[in-house]
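**Q** Take this structure, written in structure tokens, and hold onto it; I'll ask about it next.
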Amino acid sequence: MKKRKVFLGFFILLLFLLCACGRVSGPEEDRLIRVGFSQLGSESDWRAANTKSMTAALSEQNGFELLFDNAKQKQENQLLAIRNFIQEEVDYIVLAPIMESGWEDVLQEAKEAEIPVILVDRQISAEDEELYSCWVGSDFRAEGDMAVQWLEEELVRSGKAGEPLRILHIRGTDGATAQIGRTAALESAVRRHPEWEIAGVLPGEYTEAKSYELVRDFLKTDRDIDVIYSENDNMCFGAMRALEEAGLSYGTDGQIMLISFDAAQHALQLCLEGKINACMECNPLHGPRVADLIRQMERGEQPEKQNFVKETLFRADTLTEDILQKREY
Ligand code: GYE
């Protein structure tokens, strides 16, 4: 009897010790990776899809603790957010930079705090490549080139190649990589085509409201437009509203051709209906890609510095309900 009690006591002690040991190694294994994400704003459908993808991928369930900050389209808010993440001693900083310039100081601070920085979506212009670990996003120049190529082909198809063409250009936020690339593609095409003319350049800041106001005012003095090149879907929606109010028709059956970027759900639906002639895809689903980059770095691997996603152009004349149904955003 006594022997049995001693044995039981010993067994309980052993169990206790095992549990205690388990507890020492437990939190290390289950530790969540702390990520501070500075999102630049919530200006567009693209951005909403991007935020959704990022927050879903960097969830607790997937092993992350996410500190999220929406900078409301202001760089100073992003600088504040990053400094806050450094204070919080996060494991990684993810930055969707509103524009390319102005990041050197704050990223130097992150570097000194030994916090790796991952850029997502747009890029930065800093000469020191060591200021960030890697970047994932789109090739915006290639997007612009594809859109312009569609226009060239469309003009050939409709027998209008070589005729004068007036283009209204609605630009995204100045200095953003997406703006720089898409604008450069159009400007280079205009240089190739002496018969093409930029009728006006409107700084739409990627929002529907701003674009609507600018196009509405523009049309008061100039209605002789053949094409609208809108650097995102939401600005295209704003332009459509202004055109309707001005009594101008657009789309496949109208007098003005519309080219849009992003190709999010609503824009694609309008493209299917023939209201937008061509939608250039810009993929916002970077969440799983960023999570993957972090996991690679956690394993001690150095991911590729630049990671481009593949994209395609949708045309009103070839888009189908079936394609639309299969889209994720
Ligand atoms: O095209 C636009 C958004 O940087 C790719 O930003 C992104 C752009 C996108 O506001 O809708």
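**Q** Is it the case that Gly204 is within 25 Å of the chain's Cα centre (by Cα) and open to solvent by less than 40 Å² (accessible area, probe 1.4 Å)?
**A** So Gly204 fits the description; yes.
**Q** To continue, here is another question. Which condition number does His286 fail, the rest of (1) surrounded by 20 or more Cβ atoms within 10 Å (Cβ to Cβ); (2) free of Cβ contacts under 8 Å to residues at least 40 places away in the same chain being met?
**A** For His286, the exception is condition (2).
**Q** For segment 33-64, name all the residues that are closer than 18 Å to Met297 by Cβ, touching an Asp or Glu at 6+ places or on another chain (Cβ under 9 Å) and either in a helix (DSSP H, G or I) or open to solvent by 50 Å² or more (accessible area, probe 1.4 Å) (or both).
**A** Arg34, Ala57
**Q** Could you tell me whether Ala147 is crowded, with 22+ Cβ neighbours inside 10 Å, closer than 25 Å to Ala48 by Cα and modelled with pLDDT of 95 or more?
**A** Against the criterion (crowded, with 22+ Cβ neighbours inside 10 Å, closer than 25 Å to Ala48 by Cα and modelled with pLDDT of 95 or more), Ala147 qualifies.
**Q** Name the single residue that is nearest to Gly144 (Cα to Cα) among those in segment 155-172 being touching a helix residue (DSSP H, G or I) at 6+ places or on another chain (Cβ under 6 Å) and open to solvent by 20 Å² or more (accessible area, probe 1.4 Å).
**A** Residue satisfying both the conditions and the ranking: Arg171.
**Q** While we're looking at this one, here's another question. Take segment 257-274 and flag every residue that is touching a residue at least 40 places away in the same chain (Cβ under 8 Å) and within 16 Å of the ligand (Cβ to nearest atom).
**A** Ile259, Phe261, Asp262, Ala263, Ala264, Gln265, His266, Ala267, Leu268, Cys271 - these are the residues of segment 257-274 that are touching a residue at least 40 places away in the same chain (Cβ under 8 Å) and within 16 Å of the ligand (Cβ to nearest atom).
**Q** Could you check segment 245-256 and list, in sequence order, the residues that are in contact (Cβ under 8 Å) with a residue 60 or more places away in the chain and open to solvent by less than 30 Å² (accessible area, probe 1.4 Å)?
**A** Within segment 245-256, Gly251 is the sole residue that qualifies.
**Q** Do we have Tyr212 as touching a strand residue (DSSP E or B) at 6+ places or on another chain (Cβ under 7 Å) and either over 25 Å from Arg47 (Cβ atoms) or surrounded by 14 or more Cβ atoms within 10 Å (Cβ to Cβ) (or both) here?
**A** no
**Q** Sticking with this one: Could you tell me which numbered condition Ala199 fails, if it satisfies all but one of (1) part of a strand (DSSP E or B); (2) away from the ligand (no atom under 12 Å from the Cβ); (3) touching a residue at least 40 places away in the same chain (Cβ under 8 Å)?
**A** (3)
**Q** Let me ask something else about it. Look at Lys111 and say whether it is within 16 Å of the ligand (Cβ to nearest atom), basic (Lys, Arg) and open to solvent by 10 Å² or more (accessible area, probe 1.4 Å).
**A** no
**Q** Mind checking which residues of segment 237-267 are among the hydrophobic types (A, V, I, L, M, F, W, C) and either at pLDDT below 95 or over 17 Å from the mean Cα position of the chain (by Cα) (or both)?
**A** Phe237, Ala239, Met240, Ala242, Leu243, Ala246, Leu248, Ile256, Met257, Leu258, Ile259
**Q** Considering only segment 213-266, state which residues are closer than 24 Å to Ser158 by Cα, among the aliphatic types (A, V, I, L, M) and assigned to a helix (DSSP H, G or I).
**A** Within segment 213-266, Ala239, Met240, Leu243 qualify.
**Q** What is the one condition in (1) more than 13 Å from the ligand (Cβ to nearest atom); (2) of a type in the set (A, V, I, L, M, F, W, C); (3) crowded, with 22+ Cβ neighbours inside 10 Å that Phe68 does not satisfy?
**A** Checking Phe68 against (1) more than 13 Å from the ligand (Cβ to nearest atom); (2) of a type in the set (A, V, I, L, M, F, W, C); (3) crowded, with 22+ Cβ neighbours inside 10 Å, the one that fails is (3).
The values are calculated or read from the model by the stated rules, or taken from the named source; none is laboratory data. Predicted model only: the values in this text are computed from it and were never measured. Counting neighbours? That spans all protein chains shown, and the Cβs are built from the backbone with ideal geometry, glycine included. Accessible surface is based on the protein model in full, side chains and every heavy atom, while ligands, DNA and RNA are left aside. Shrake-Rupley method; radii C 1.70, N 1.55, O 1.52, S 1.80 Å.
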